[in-house]
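The values are calculated or read from the model by the stated rules, or taken from the named source; none is laboratory data. Fair warning: this is a prediction, and the values are worked out from it, not measured in the lab. Don't worry about glycine lacking a Cβ; one is built from the backbone with ideal geometry, like all the others, and counts go over all protein chains shown.
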Amino acid sequence: MSSILTDMKKKHDFLVCVDSDGCVFDNMELKHKECFCPATVNVWGLQGVSRYAREAAEFVNLYSSTRGSNRFPALIRTLELVYARTEVSSRGYVIPDLGPLKEWVANTPVLSAVAIEEYEKEHPDMPEVLATAARWSREVDENISRIVHGITPFPHVKEALKILGAFADVVVVSATPHEALLREWESCGLTSYVSVVAGQELGTKAQCIRQAMAGKYDAEHVLKIGDAPGDYNAAVSNGVLFCPIIPGKEDESWQRIIERDSILFKELKYKGSVMDSNLKDFFGVLLDTPPWS
């Protein structure tokens, strides 16, 4: 299937696929705490237990091994954690039937805000939980459009992209909607450093990496840069290298890329002890179990 990624002209023998939210831009906390969380509380009727809803949403999306997940699987995980708490059930809250939403997530080729809107148009009698998820997704995007402005890249990002772009084709591979991605990258003058900006509409991160490679690059010449386990998994599924931007240590991570990792990647020496050390630091800051469990 043709896409802007498969059609991309190869200019170098190396390829770098870089994430956006929380990786290039310091916007993860803003988006989730000010855009996603309020929509979750409002649309899913969790006003009476907003404290627990926020704790669950922030854990799932920011501080755990599911950081950076697609919004719909993350929503399911958030709701399950909220309703599992005795503080919530003791207040009479009963979890809605998430079965239809889980089925939609499992069977939809591309999980995106556009996909659920199209599904809603084609299935006007769809289960209430799906209609609610569509309404929630719209409110999230409305919040982001209204609130997320003036975001700048982490220090050292531009320099790192310039260094990488001198010997590699650089593409943005993100689970963020394309419109928001393009707006954020253009507002900071970053689009000139990349060949393609690919959002959630083109597929999962793993699918986008596969499209970008499309027989043009050897696996050891491909590097995924990201701040979430999903970025790592996308790299592993394609047999390519991974360079983490460690949450809470983003400035140092980009400086590390400039001073060491980009050089080793170009010399085909990054894989091994250096990448393993980076991964140990990366996974060491992300939790598997909620702190309230």
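A few comments on the model shown:
- Pair list, Cβ < 7 Å and 6+ apart or interchain, from the range 21-47 residues that are assigned by TED's automatic domain parsing to the domain that holds Lys158 and closer than 19 Å to Gly230 by Cβ to residues that are assigned to a loop (DSSP other than H, G, I, E, B) and hydroxyl-bearing (Ser, Thr, Tyr): Asp21/Ser174; Asp21/Thr176
- Some residue of the range 51-59 being closer than 22 Å to Pro177 by Cα, modelled with pLDDT of 95 or more, in contact with a helix residue (DSSP H, G or I) (Cβ under 8 Å, 6 or more places away or on another chain) and surrounded by fewer than 20 Cβ atoms within 10 Å (Cβ to Cβ): yes
- The range 247-284, subset of a type in the set (Val, Ile, Thr) and within 17 Å of Leu161 (Cα to Cα), residue surrounded by the fewest Cβ atoms within 10 Å (Cβ to Cβ): Ile263
- Yes/no for Leu111 being in contact (Cβ under 8 Å) with a residue 60 or more places away in the chain, among the aliphatic types (A, V, I, L, M) and in contact with a Leu (Cβ under 9 Å, 6 or more places away or on another chain): no
- Residues being of a type in the set (S, T, N, Q), touching a helix residue (DSSP H, G or I) at 6+ places or on another chain (Cβ under 6 Å) and modelled with pLDDT of 95 or more - total across the range 78-129: 1
- With a requirement of 1 or more residues that are in contact with a Pro (Cβ under 6 Å, 6 or more places away or on another chain) and modelled with pLDDT of 95 or more, the helices (runs of 4 or more DSSP H) lying completely within the range 226-293 that satisfy it span 250-256, 273-283.
- Restricting attention to the range 159-175, the residues being part of a loop (DSSP other than H, G, I, E, B) and surrounded by 23 or more Cβ atoms within 10 Å (Cβ to Cβ) number 2.
- Taken together, Gly150, Gly189 contain a single residue that is surrounded by fewer than 17 Cβ atoms within 10 Å (Cβ to Cβ), without any contact (Cβ under 8 Å) to a residue 60 or more places away in the chain and within 21 Å of Ile4 (Cβ to Cβ), which is Gly189.
- Against the conditions (1) of a type in the set (D, E, K, R); (2) farther than 24 Å from Glu250 by Cβ; (3) assigned to a helix (DSSP H, G or I), Glu58 satisfies every one except (2).
- Out of Arg77, Arg67, sole residue that is surrounded by fewer than 19 Cβ atoms within 10 Å (Cβ to Cβ), of a type in the set (D, E, K, R) and outside the structural domain of Ile225 (by TED's automatic domain parsing): Arg77
- Test result for Arg260, in the same structural domain as Cys23 (by TED's automatic domain parsing) and in contact with a Gly (Cβ under 9 Å, 6 or more places away or on another chain): no
- Where a residue in the range 74-95 is aromatic (Phe, Trp, Tyr) and its partner, wherever it lies, is outside any helix (DSSP H, G or I), with Cβ under 8 Å and at least six apart: Tyr83/Tyr93; Tyr83/Val94; Tyr83/Ile95; Tyr93/Leu46
- Among the residues of the range 209-218, not a single one is farther than 22 Å from Asn61 by Cα, touching a strand residue (DSSP E or B) at 6+ places or on another chain (Cβ under 7 Å), outside any helix (DSSP H, G or I) and among the hydrophobic types (A, V, I, L, M, F, W, C).
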